[in-house]
1. From the phi of every residue in the range 191-204, what ³J(HN,Hα) in whole Hz does the Karplus formula 6.51 cos²θ - 1.76 cosθ + 1.60 yield, where θ is phi - 60° and glycine or proline is x?
2. Counting other beta carbons within 10 Å of each Cβ, put Tyr140, Tyr104 in order, fewest first.
3. Using the Karplus curve 6.51 cos²θ - 1.76 cosθ + 1.60 with θ = phi - 60°, work out ³J(HN,Hα) for each residue of the range 158-170 in order, rounded to whole Hz, and write x for Gly and Pro.
4. Can you pull the one-decimal nm distance between simple spin-label points at Trp73 and Leu21, each 7 Å off the Cα toward Cβ?
5. Whole number please: convex hull volume per residue of the Cα set in the range 9-240, in Å³?
6. Could you tell me the relative contact order of the chain? Use alpha-carbon pairs under 8 Å, at least six residues apart, and round to a whole percent.
7. Report ³J(HN,Hα) in whole Hz for each residue of the range 213-223, in order, from the Karplus equation J = 6.51 cos²θ - 1.76 cosθ + 1.60 where θ = phi - 60°; Gly and Pro get x.
8. Label Ala130 and Glu203 with points 7 Å out from Cα along Cα→Cβ: what is the distance between them in nm?
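We did not get these values from a lab; they are worked out from the coordinates using the rules stated. Small disclaimer: the values here were computed from a predicted structure and weren't measured. Every residue, glycine among them, receives a Cβ derived from its backbone with ideal geometry; neighbour counts consider all protein chains shown.
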Amino acid sequence: MSAGTGPALRLRGLRKAFGDLTAVDDVDLTIPAGSFFGLVGPNGAGKTTMLSMAVGLMRPDAGTAAVLGYDVWSEPVRAKELLGVLPDGESLPQRLSGRELLTYLGLLRGLDGNVVRERTEELLTVLDLADAGSRLVADYSTGMRKKIALAVALLHGPRVVVLDEPFEAVDPVSAATIRSILHGFTRTGGTVVFSSHVMALVEQLCDHVAILAHGRVRASGTVDEVRAGRTLDEAFSDLVGAGAAGGELSWFAS
Ligand SMILES: Nc1ncnc2c1ncn2[C@@H]1O[C@H](COP(=O)(O)OP(=O)(O)OP(=O)(O)O)[C@@H](O)[C@H]1O
């Protein structure tokens with residue numbers, strides 16, 4: 001397989017431990033190009049750790065990750081040109097306005113100044129951030145920060161976007177806009193990989209899904225393959241198990 005072709009993401013033997021805790025344990029996963037791929041799993045399953053390694057933000061203890069055939073560690077420039085990443089948390093510079101942030105990162109990516117200007121205004125408008133474009137990112141709400149981070153991820157025209165919980169804290173109108181942008185992107189052959197805790201959303205949006213628990217892939221494939229005649233919620237509970245404590249507090253409600 002030559003570089004620039006093949007699966008959108010190809011993870012082989014990925015492993016990461018934090019002290020005694022193995023957060024990601026020998027993960028093999030192939031994400032087909034052009035797919036809308038959902039990654040689900042309980043809190044602490046290793047989703048963020050796995051995605052961080054997949055996009056070259058965290059160095060694995062073992063294993064490899066390749067984007068459309070380019071290894072993220074040995075060919076990082078090519079791999080990262082093809083990738084758009086919405087990381088978890090507050091990793092953006094905060095002391096720039098939304099407009100300055102997009103302009104700065106667009107120019108840093110090597111885009112032409114006119115292209116940066118046009119795309120910045122279009123992204124701010126479509127994501128309903130035009131009025132807030134001159135305000136500091138530090139003063140944005142959580143949902144607004146999520147949307148400006150998404151704009152950063154899309155600005156350079158990547159072929160694969162990896163989004164950690166993109167719909168969390170985003171209002172319903174903006175969520176619908178984001179869904180429509182991402183669907184349009186997959187229709188042109190782009191690949192979307194996103195993590196979520198909302199099974200209904202994954203079922204509605206995705207054609208492929210993987211369930212991760214305790215750092216291991218418990219199931220992956222098309223949504224129909226993983227559901228195997230159940231709802232995704234039921235498949236998730238069957239594969240991951242219900243909460244050990246049974247969901248009741250002995251001292252509460254008595
Ligand atoms: N930098 C770190 N140092 C120590 N432990 C970490 C670190 N990052 C993650 N972990 C641990 O690794 C495990 C996996 O965490 P991770 O954030 O990847 O899970 P997640 O599936 O994304 O969870 P959530 O759904 O709650 O966001 C957890 O037990 C977490 O406490």
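1. Once rounded to whole Hz, the list reads 10, 10, 10, 9, 9, 7, 9, 9, 4, 4, 5, 5, 4, 6.
2. If I rank by nearby Cβ atoms, fewest first, I get Tyr104, Tyr140.
3. Running phi through 6.51 cos²θ - 1.76 cosθ + 1.60 with θ = phi - 60° gives x, 9, 10, 10, 10, 10, 8, 6, x, 9, 5, 6, 9 Hz.
4. Roughly 2.2 nm, to one decimal.
5. In the range 9-240, the Cα hull volume divided by residue count equals 120 Å³.
6. Dividing the mean separation by the residue count of the chain yields 25 percent.
7. These are the phi-based 3J(HN,Hα) values: 8, 6, x, 10, 7, 8, 7, 7, x, 5, 4 Hz.
8. With each label point 7 Å from Cα toward Cβ, the separation is 3.7 nm.
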